[in-house]
């Protein structure tokens, strides 16, 4: 184990403080910078960081132990994360993980003894249409087939710097398969701002309200109302936050928007600032998309240079607004707006008690608008072209869908709100699909018999994730993947979600081994009855959806997961009992990752 | 005329700024809770005080009482969910009631009796957790912790010491100590601190005086939890 010298820790800390700042709110970004230099946040650094930021050691420990991408022990020189999201899973991510680990002689999640490499499974990396996918030292890896993984193992053994790896390994494609009015007609830079400048903030707000635009992240709160509540809330300052923590398994359209339409998204933020009176904004960028940061910084800089951001926007002395990028650190829960704000404030991403809502008491207790990337993108188009234009094909406007899974043409599809599940399946070439998971792990399983259902505000909400399952796909693997996902991502704050997701996970693990019994079936029924209803936020609210859908929609498959014979040794699992001794003697016990 | 709300068919007066929990308590109505303690700002994490306010589930300890609210509090549906939740909390940690120092003075145990929990139908998780025995007067036993956050509030707000923090995520959630070593013995906490006695379940316990009162003669051996605020308020 590498031991860091105190002088190295001090130097890394100095550099982090210079780049980020030295208040308690900077704690998360300081930890990220420390890790960038040392590959981890070592326990010996914790008291130093705490003193430098004027905070407690517990605060720093709380961050390192909360965020999946922060570590207290060194990572390898090559730090891999391979996606285990269900859509990558269907493309063979499990086999690739095993192959890479075997080739490199590492255990998942454990650094190799020589410090060369770490390979860790993670959930969705937002590259589901070109998987199996992953990250190495923060850079995206796509289309990891067997051959590519072998090559990568060789490059790692040769300690070849990433810059010398074949560039196509890192190539990310934005596959826009169906463009509708938003994607097909990009805005000219500053177009929406110039139109907004010629009108009063109130009339811009009314235009957004008239469009009926609702939050594209999945919660579907009316955007205009959110802006108005923030505008009218008493406060000393106001904030606009772009929620780029696109963590729902199977969604990647925000990644594409941030790559190809960043100007439109930032324009949406700038408009929101004009309407609400905010002078400061943040893009909260998920850790899995850290590789987009340089591009976004460049777009921000260019817009400042062009007078579209910063002081005196479009020469207007009363229009000042600038944007900072904050990186996440691996926590699905931070997609929840109040957890995101906690994270922005340098804390663990634990959702706040509401009321009060962020529109009245958000970042630093001030009125704050948190909008999804696509919402801001759409708002800019509405301001530039009007609500009638936006709603010409559907009263709800149009919506982006990230399509992955068993289909011929995975990618991004823009459809008018209200299109049916079948419309998307057909467009994507999902012939013979048996089911679709709409809205990701937190969403709903739609069987082929329900494909006529429209995707709209009331009947089938979506964050944009659309995973197609072919006729041969065992839907239980999806249920198991999602249930484990929630157990991994629950923040742990409230009892029903923290305990419920763990208990559900343990049942699912036993189902997978054929060791679930009638008693477990009762347990699941009770968890479905309690956890969603009592939980603190939407994560717990939807954590039992996968099990509920399997139980209610695929009763045959579900029942087959339970052993009939109650007389077997009930919950005694010989393999599990022997796993410790097997690990000592070198026999490998089968096991799922946590 | 004073403002009021309805809790289970009973009219309850409210004062400005009160939560539903505060209004209920003032009227002598007990709402189940573990993480709530009237001395501190509500934490809202145990969710046992979840009530239906005009048809929407809310935690009574955080929800402001507003004139005219209709609150469903002790319906069989809610009580049944609370009972299940207590089972889930038991299954999560390591709770050794029969020989626990806190037995008979423990809020979690008392709630289980109150809600009629006779057995646990969930598989216990038996997590591996550590004991911090580095302090000369106190023991920090993570086995029993239910993550209510009361030690954090008490140390910060009453003792002005800020000894504890909540760390980890999900099943790895844990209380940590604000000292360079992370050990309780290296923190500022002392036996006379409020934080040393606030724990509702015995995760933080004084070393001395254990079993001074025999099991059978402890508070909850004779009283239901709905007679008092919580164990720490009584001890």
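The values are calculated or read from the model by the stated rules, or taken from the named source; none is laboratory data. Predicted model, so just to flag it, every value in this text is computed and none were measured. Virtual Cβ from ideal backbone geometry, glycine too; neighbours counted across all protein chains shown.
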Every residue from the range B:153-174 that is surrounded by fewer than 24 Cβ atoms within 10 Å (Cβ to Cβ) and touching a residue at least 24 places away in the same chain (Cβ under 8 Å):
B:153, B:157, B:158, B:159, B:161, B:171, B:173, B:174
So which residues in the range B:79-92 are more than 9 Å from chain A (Cβ to nearest Cβ) and either in contact with a strand residue (DSSP E or B) (Cβ under 8 Å, 6 or more places away or on another chain) or not in a helix (DSSP H, G or I) (or both)?
none
Tell me yes or no: at least one residue of the range A:142-149 is touching a strand residue (DSSP E or B) at 6+ places or on another chain (Cβ under 6 Å), outside the structural domain of residue A:293 (by TED's automatic domain parsing) and buried (at least 18 other Cβ atoms within 10 Å of the Cβ).
no
Single match in A:87, A:62 (criterion: on the phi < 0 side of the Ramachandran plot, more than 14 Å from chain B (Cβ to nearest Cβ), touching a residue at least 60 places away in the same chain (Cβ under 8 Å) and in contact with a strand residue (DSSP E or B) (Cβ under 7 Å, 6 or more places away or on another chain)):
A:87
Suppose we filter the range A:202-233 for residues that are out of contact with any strand residue (DSSP E or B) (no Cβ under 7 Å at 6 or more places or on another chain) and either part of a helix (DSSP H, G or I) or without any contact (Cβ under 8 Å) to a residue 24 or more places away in the chain (or both); how many remain?
16
Among the residues in the range A:439-457, are any surrounded by fewer than 24 Cβ atoms within 10 Å (Cβ to Cβ), at pLDDT below 95 and either away from chain B (no Cβ under 14 Å) or over 21 Å from the mean Cα position of the chain (by Cα) (or both)?
yes
Considering only the range A:273-301, state which residues are touching a helix residue (DSSP H, G or I) at 6+ places or on another chain (Cβ under 6 Å), in contact (Cβ under 8 Å) with a residue 60 or more places away in the chain and farther than 27 Å from residue A:133 by Cβ.
A:274, A:275, A:276
For residue A:108, indicate whether it is more than 14 Å from every other protein chain (Cβ to nearest Cβ), surrounded by fewer than 19 Cβ atoms within 10 Å (Cβ to Cβ), within 23 Å of the chain's Cα centre (by Cα) and assigned to a loop (DSSP other than H, G, I, E, B).
yes
Could you pull out the residue among A:30, A:119 that is away from chain B (no Cβ under 14 Å), in a helix (DSSP H, G or I) and surrounded by 24 or more Cβ atoms within 10 Å (Cβ to Cβ)?
A:30
Output the number of residues of the range B:50-70 satisfying the condition of being touching a residue at least 40 places away in the same chain (Cβ under 8 Å) and either assigned by TED's automatic domain parsing to the domain that holds residue B:171 or surrounded by fewer than 15 Cβ atoms within 10 Å (Cβ to Cβ) (or both).
4
Note on the range A:521-536: residues part of a helix (DSSP H, G or I), within 8 Å of another protein chain (Cβ to nearest Cβ) and in contact with a strand residue (DSSP E or B) (Cβ under 9 Å, 6 or more places away or on another chain) are A:533, A:534
Among the residues of the range B:99-112, how many are loosely packed, with under 13 Cβ neighbours inside 10 Å and either at pLDDT 90 or above or not in a helix (DSSP H, G or I) (or both)?
0
Taking residue A:487, is it away from chain B (no Cβ under 14 Å), under 30 Å from residue A:352 (Cα atoms) and either surrounded by fewer than 24 Cβ atoms within 10 Å (Cβ to Cβ) or touching a residue at least 60 places away in the same chain (Cβ under 8 Å) (or both)?
no
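Confirm whether residue B:97 is more than 13 Å from chain A (Cβ to nearest Cβ) and under 21 Å from residue A:503 (Cβ atoms). First the steps, then the outcome.
Numbers: more than 13 Å from chain A (Cβ to nearest Cβ): yes; under 21 Å from residue A:503 (Cβ atoms): yes.
Criteria met by residue B:97.
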Considering each residue of the range B:115-125, count those that are more than 11 Å from every other protein chain (Cβ to nearest Cβ) and either within 27 Å of residue B:168 (Cβ to Cβ) or modelled with pLDDT of 95 or more (or both), and give that number.
3
Between residues in the range A:557-577 that are at pLDDT below 65 and residues that are in a loop (DSSP other than H, G, I, E, B), which pairs lie under 7 Å by C-beta distance while being six or more apart or on different chains?
A:566/A:517; A:570/A:517; A:571/B:123
Using the structure shown, decide if residue B:149 is surrounded by 14 or more Cβ atoms within 10 Å (Cβ to Cβ), in contact with a strand residue (DSSP E or B) (Cβ under 9 Å, 6 or more places away or on another chain), within 30 Å of residue B:83 (Cα to Cα) and at pLDDT below 95.
no
Sole miss for residue B:135 among (1) within 14 Å of chain A (Cβ to nearest Cβ); (2) touching a helix residue (DSSP H, G or I) at 6+ places or on another chain (Cβ under 6 Å); (3) not in a strand (DSSP E or B) is condition (1)
Given (1) surrounded by fewer than 17 Cβ atoms within 10 Å (Cβ to Cβ); (2) away from every other protein chain (no Cβ under 12 Å); (3) in a loop (DSSP other than H, G, I, E, B), residue B:202 misses just (1)
Quick check on the range B:29-49. Is at least one of its residues more than 20 Å from the chain's Cα centre (by Cα), surrounded by fewer than 18 Cβ atoms within 10 Å (Cβ to Cβ), more than 30 Å from residue A:502 (Cα to Cα) and more than 10 Å from every other protein chain (Cβ to nearest Cβ)?
no
Considering every residue within the range A:361-381, establish whether at least one is within 14 Å of chain B (Cβ to nearest Cβ) and in contact with a strand residue (DSSP E or B) (Cβ under 9 Å, 6 or more places away or on another chain).
yes
Looking for whichever is part of a loop (DSSP other than H, G, I, E, B), within 12 Å of chain A (Cβ to nearest Cβ) and either within 18 Å of the chain's Cα centre (by Cα) or at pLDDT 95 or above (or both) here; the options are B:180, B:229, B:192. Which one fits?
B:180
Taking the range A:500-518 and keeping only residues that are free of Cβ contacts under 8 Å to residues at least 24 places away in the same chain and facing chain B (nearest Cβ under 7 Å), one is left with A:502, A:506
